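Asker: Before I ask anything, let me first share the structure, which is written out below as C-alpha cells.
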Amino acid sequence: MTSNQSAVYDTPTTLEEATAILDEAPLARVSVPTGGDVWMVLSHELARQLLADPRVGREPLVSREDIPYKARFPEYLTRTLLFKDDPEHARLRRSVGKWFAPRQIRALQAEIEVECERLLDEIEQRGPDFDLVEEYAVPVPIFALTRVLGADRTMAADFLRWNQVLFGTGASLGAAEVAAVEAECVAYLRAEIARKRGADGDDLLSALANVPEGEGALTDDEMISIAMLILVAGFDNTANFIGNGALALLRHPAQLSYFLDDIDGRVIPVVEELLRHGRQSVGSGVRNIGMPFVALEDIVVGDITIREDEIVLINRNAANHDDSVFERPLELDLRREDNPHLTLSYGVHSCLGAPLARLELQVSLAALFRRFPALRVVGEPVSQMDTMSEAIEHLPVTSVAE
C-alpha cells in the first residue's frame, strides 16, 4: 500500500468527502477538531484488518494523560468494556457472550413480535398520521432493553430519560444533570443486582448476578458497567437503525416494492443492506469522526508505520461504500447477496449486541410494512444534533396512500 504521508486532509463530514479521500489513500492523515492529526482508515480491507488486530486498542485513552487526543467521553462510558483492552476486555465479553449468542437472542423473537404488533395496534387506533420515530422506532428497543435487563415495563420511561441525558453531548446538558442521572441509573442497577442474586430469572442481570465464585463471577461494579453500556448503546443505535432503515425504504419505492413482495423471505438480506447503506452506527458517526483507537505498538501497513500511541479512526461509513468490495456501493440494493459490511464493527471490538440489534430490525421493519404497505413520509425528518449519533428525532408519516 502506498500513500502520500505528507498530505493531511480535513475531517470528512460527508460520505462523498470520505470516499474522495479513499480514492487517493486507504489510510490517510486527517486533521480533527479535537486537535492534531490522526490516522483515518477508509478502505474495507484495512478496516477489517485493524479492527481484528490486538495491537489496536482504547484503554490508553482513559488511563493516560499524554495520548494526543483531546475528545472527552462520558465518564460512565470510560468504565465500560468499550474502553478495555485484552485480557480484561476478553474476560468481560466472555461473561456475557453466551447470553448474547444468536440462539439465545432468537428466544426473544416472539416477545418482540408481540410488542411490535401492540405498538402498531395503538398507532392504528390513533389514526393514519404518526411519528415513526417517537411512536415506533424508540419504543421497540426500549422494550427489548427492559426484557434483556429483566426490568419491569414501568421502567421504560426512566430508561428513555436516562438515555436522552447519558447519550447527549450538547451544551444544553449540564454536568450536574448528567451526574445526577448517572447516579440514579447506577443506584437502580445496584439494587436490581442485589434483588436478582439468588433468585431465578432468564434475563442478563440475573445470569450475571448468579455466577458462582471461581467460575468467572463479576463484581457489582463490573456488572453495572456492562448493564450501562447495554442500556445506552443498545437503545440509541437500534432506534436509529429502525428510523433510518424505514426512511431509506420509503425514499426508494422500487426497492420497497421488492421488499413488500416477500417481506418474510427477504427481511434478513434487506436489513443487512440497510445497515450497510446508511450512516447509522455510532462507531462511524460520532461527529463524523468515529470512536478512536490507539496503536498499542508500532504497526506497519505497507510503506506506512502507525507509531505507538498514535490515534487511529476507522471510518466504517467509507469502508461500507468501498467500490473494491461492493458493486455500485452508493446504491441501495436489497438484492445484494455478499454484504460484509462493518456497521456493527468486526473483530475484537465487534458490537456485543449485534444479534439483538439485527433481530429488532428484522422484526420491527417486517411488522411495520406488513401492517402499513402504503406508508409514506409526509414531512421533513428532524435530526437531533446534540447526541453522539445525531439520530433522526422525528419522522412524520402516514399509512394512507396518496
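Throughout, read-outs are computed from the coordinates displayed, never taken from laboratory work. None of the values given here were measured: they were computed from a predicted structure. Note that each Cβ is placed from the backbone with ideal geometry, even for glycine, and that neighbours are counted across all protein chains shown.
Asker: What percent antiparallel are the DSSP beta bridges of the range 1-95, to the nearest 5? Show your work: numbers first, answer last.
Answerer: Numbers: 5 of 8 bridges.
Of all bridge pairs located within the range 1-95, approximately 60 percent are antiparallel.
Asker: In cubic angstrom, how much convex hull volume per residue do the alpha carbon atoms of the range 215-341 span?
Answerer: Numbers: hull volume 23.7 nm³, N = 127.
Residue-normalised Cα hull volume stands at 187 Å³.
Asker: Sort 106, 316 so that the residue with the fewest other Cβ atoms within 10 Å of its own Cβ comes first and the one with the most comes last. It would help to have the intermediate numbers written out before the result.
Answerer: Values: 106 12, 316 29.
Ordered by Cβ neighbours within 10 Å, fewest first: 106, 316.
Asker: For a footprinting-style exposure proxy, rank 225, 206 by other Cβ within 10 Å, fewest first. Present the calculation step by step, with values, prior to reporting the outcome.
Answerer: Numbers: 225 24, 206 20.
Ascending Cβ contact count within 10 Å gives the list 206, 225.
Asker: So what is the relative contact order for the chain, in percent, with contacts set as C-alpha pairs under 8 Å and at least six apart? Before the final figure, lay out each step's value.
Answerer: Details: 627 pairs, mean separation 102.9, N = 402.
Once normalised by length, the contact order is 26 percent.
Asker: How would you classify the range 8-398 from its alpha-carbon gyration tensor, with a ≥ b ≥ c the square roots of the eigenvalues: rounded for a/c under 1.5, else prolate if a/b is greater than b/c, otherwise oblate?
Answerer: oblate
Asker: Restricting the count to DSSP beta bridges whose residues both fall in the chain, what percent are antiparallel, rounded to a multiple of 5? It would help to have the intermediate numbers written out before the result.
Answerer: Details: 21 of 27 bridges.
Roughly 80 percent of the DSSP beta bridges within the chain come out antiparallel.
Asker: Counting other beta carbons within 10 Å of each residue's own, what order do 64, 161 fall into, fewest first?
Answerer: The most exposed by this proxy come first: 64, 161.
Asker: Oh, and also: State to the nearest 20 debye the size of the charge dipole of the chain about its Cα centre, where the only charges are +1 on K and R beta carbons and -1 on D and E beta carbons.
Answerer: On the way: 38 positive and 65 negative charges, 117 e Å.
It works out to roughly 560 debye.
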